[in-house]
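S.K.: Below you will find the structure I want to go over with you.
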Amino acid sequence: DNNLNSPNTIANLVGNNWSVVSLEGASLLKDTSIDFSISNEGMVKGNAGVNNYFGQWLIDANNVVPEKIASTKMYRSDPKGIMQQEYHYLTLLSSVTKWQLVAEELQFYEDEKLIVTLHNNGEIKSVK
């Protein structure tokens, strides 16, 4: 909807730091974290657990067309599974087609399927 007070405006998405809570409904590995942020220009960046990533999203209302996501190439074996989790996240990030905000939760969808759930680190700031 085009209501300016709607939480689902790009202003509520940008300028905030988000932490991934789950990937396809599964919690992150213990003692790992993944973060996400996006600029007004659609530049996405964050840390996927081991490596920093960056890329571009074309956003039109709640629709997303991810452009290429690139990342640094470090490797870590501890905790077990962290590289697989990172790869899983980056793969999902490249397949997002829609986003929505529900209360303090940011949700990424591939078509109708919820694939990534994130929480805001702090208070949601709306960029005017």
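S.K.: What are the residues in the range 79-98 that are polar (S, T, N, Q), more than 18 Å from ASP60 (Cβ to Cβ) and out of contact with any Leu (no Cβ under 8 Å at 6 or more places or on another chain), if any?
M.R.: Listed by number, the residues that qualify are GLN84, THR91.
S.K.: Specify the residue that is most open to solvent (accessible area, probe 1.4 Å); the eligible residues are those in the range 49-65 that are farther than 30 Å from ASP78 by Cα, out of contact with any helix residue (DSSP H, G or I) (no Cβ under 7 Å at 6 or more places or on another chain) and assigned to a strand (DSSP E or B).
M.R.: Ranking the qualifying residues of the range 49-65, first place goes to ASP60.
S.K.: Show the residue pairs meeting these rules: Cβ distance below 7 Å; 6+ apart or different chains; first residue within the range 18-39 and on the phi > 0 side of the Ramachandran plot; second residue of a type outside the set (S, T, N, Q).
M.R.: From residues that are on the phi > 0 side of the Ramachandran plot, the pairs are GLU24/ILE115; ASP31/PRO79.
S.K.: Among what's in the range 19-36 and is in contact with a Gly (Cβ under 7 Å, 6 or more places away or on another chain) and either open to solvent by less than 20 Å² (accessible area, probe 1.4 Å) or modelled with pLDDT under 95 (or both), pick the residue that is nearest to GLU110 (Cα to Cα).
M.R.: PHE36
S.K.: Now for a separate question. Under 6 Å between Cβ atoms, which residue pairs at least 6 apart in sequence (or on different chains) link something in the range 100-128 that is at negative phi and modelled with pLDDT of 95 or more with a partner that is outside any strand (DSSP E or B) and polar (S, T, N, Q)?
M.R.: Matching pairs, first to second residue: GLU110/SER95; GLU110/THR97.
Each row is one residue, and each column tells you yes or no for (1) assigned to a helix (DSSP H, G or I); (2) closer than 19 Å to ASN40 by Cα.
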site: LYS68; (1), (2): no, yes
site: TYR87; (1), (2): yes, no
site: LEU92; (1), (2): yes, no
site: TRP99; (1), (2): no, yes
site: VAL116; (1), (2): no, no
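The values are calculated or read from the model by the stated rules, or taken from the named source; none is laboratory data. Just so it is clear, the model here is predicted, and its values are computed rather than measured. Cβ sites come from the backbone with ideal geometry, for glycine too, and all protein chains shown count toward neighbours. These area figures cover heavy atoms from the full protein model, side chains too; ligands, DNA and RNA do not enter into them. Shrake-Rupley method; radii C 1.70, N 1.55, O 1.52, S 1.80 Å.
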